[in-house]
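Take a look at the structure set out below.
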Amino acid sequence: MTRLGVNIDHIATLRNARGEHHPDPIISAKYVKKVGADSVTIHLREDRRHIKDIDAKRICSIKNLDVNLEISTNKKIVDIAMKINPDFICIVPENRKEITTEGGLDLIKNKNRIQRIVLRFKKKKIRTSLFINPSLKDIEISNQINVDCIEIHTGKLANLVKLKKDYSKELERIKKCSVYANSLGIEVHAGHGLDYKTTKILSKIREIKEFNIGHYLIGESIFHGLKKVINNFKKIIKN
Ligand code: PXP
């Protein structure tokens, strides 16, 4: 069964806008699980613009909830993540000024550093993942790093679909990368910029085992509620 990970960073953003406690990311994490999410994704950014350390700690201590913690390669953040002990970690590139993660990791430049980080988490039996662009070279390097999973950055495909441009080449690239990673025994995930339409397009790629979706899902929930929207996404990825 393909899994749905729900990114709840945007709920923390809304909470932070008031500087108070509502809406509570901890209650949200429990709720999205209750209404069908297979896991919860949170990103502890270096600037702490949404999820804070205490949120991450409390969310990771919720029983029977798989938590995917996204982190950069920053040493302080890696040390915090090691202490928080999430179920899964996903290493992502981070740039202070970006609105959201803009692309995959530069594995050629950062291979050794990332390999050392992956090893630390693997020793703790934490599932490891790398957020990468759909590139066969990056999958080859991911394999050398011996990571458990890769998450393919789907932002380019999502933008092409939204702009009603030809997305066939990008889809083919994602498909080829998924097949290749799967053949190497690396579990394939996908995420970034996904809505109903793009998730449906990608759900045809059987090798994708997990989708991580945030902004659109949370935004759509304002109109229809988390339960309904999570249910809709679950139905789409089941196809
Ligand atoms: N996966 C990763 C690795 C991400 O960094 C993000 C964005 O935080 C997402 C998935 C979710 O992207 P979106 O909010 O656009 O659905």
For residue 105, the residues 5 or more places away or on another chain with a placed amide H closer than 5 Å to its own amide H are 131, 132, 133
Restricting the count to DSSP beta bridges whose residues both fall in the chain, what percent are antiparallel, rounded to a multiple of 5? 0 percent
When each pair of different Cα atoms in the stretch 31-99 is counted once in the 1/r mean, what is the Kirkwood radius in angstroms, to one decimal? 12.4 Å
With DNA, RNA and ligands ignored, accessible area of residue 118 (1.4 Å probe; Å², nearest 10): 0 Å²
Per residue, how much space in cubic angstrom lies within the convex hull of the C-alpha atoms of the stretch 96-220? 123 Å³
Test item: Cα-centred dipole of the chain, Lys/Arg +1 and Asp/Glu -1 on Cβ, debye: 300 debye
In the stretch 58-141, how does Rg compare with the Kirkwood Rh, expressed as the Rg/Rh ratio over alpha carbon atoms? 0.97
So, with +1 on the Cβ of K and R and -1 on the Cβ of D and E, and no other charges, what is the size of the charge dipole of the stretch 130-239 about its Cα centre, to the nearest 20 debye? 620 debye
Relative contact order (%) - the chain, alpha-carbon pairs under 8 angstrom, separation at least six: 20 percent
Which value at 222 nm does the chain reach when only helices count, each DSSP H run of 4 or more adding -39,500 (n - 2.57), with the total divided by all residues and rounded to the nearest 500 deg cm²/dmol? -15000 deg cm²/dmol
Distance from a point 7 Å along Cα→Cβ of residue 162 to each backbone N in the stretch 9-39: keep the residues under 19 Å and list them by number. 9-11, 13-14
Output the Cα-based Rg and Dmax of the chain in Å, rounding Rg to one decimal and Dmax to a whole number. 16.7, 48
Obtain the radius of gyration and the Kirkwood radius of the stretch 1-73 from its C-alpha atoms and give Rg over Rh. 0.95
Roughly how many Å is it from the Cα centre of the stretch 166-200 to that of the stretch 38-55, as a whole number? 25 Å
Given a cut-off of under 8 Å on Cα pairs at least six residues apart, what relative contact order in percent is computed for the stretch 16-74? 37 percent
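The values are calculated or read from the model by the stated rules, or taken from the named source; none is laboratory data. Small disclaimer: the values here were computed from a predicted structure and weren't measured. Here the Cβ is made from the backbone with ideal geometry for all residues, glycine too, and neighbour counts use every protein chain on show. Quick note on the areas: whole protein, heavy atoms, side chains included, nothing else; ligands and nucleic acids left out. Shrake-Rupley method; radii C 1.70, N 1.55, O 1.52, S 1.80 Å.
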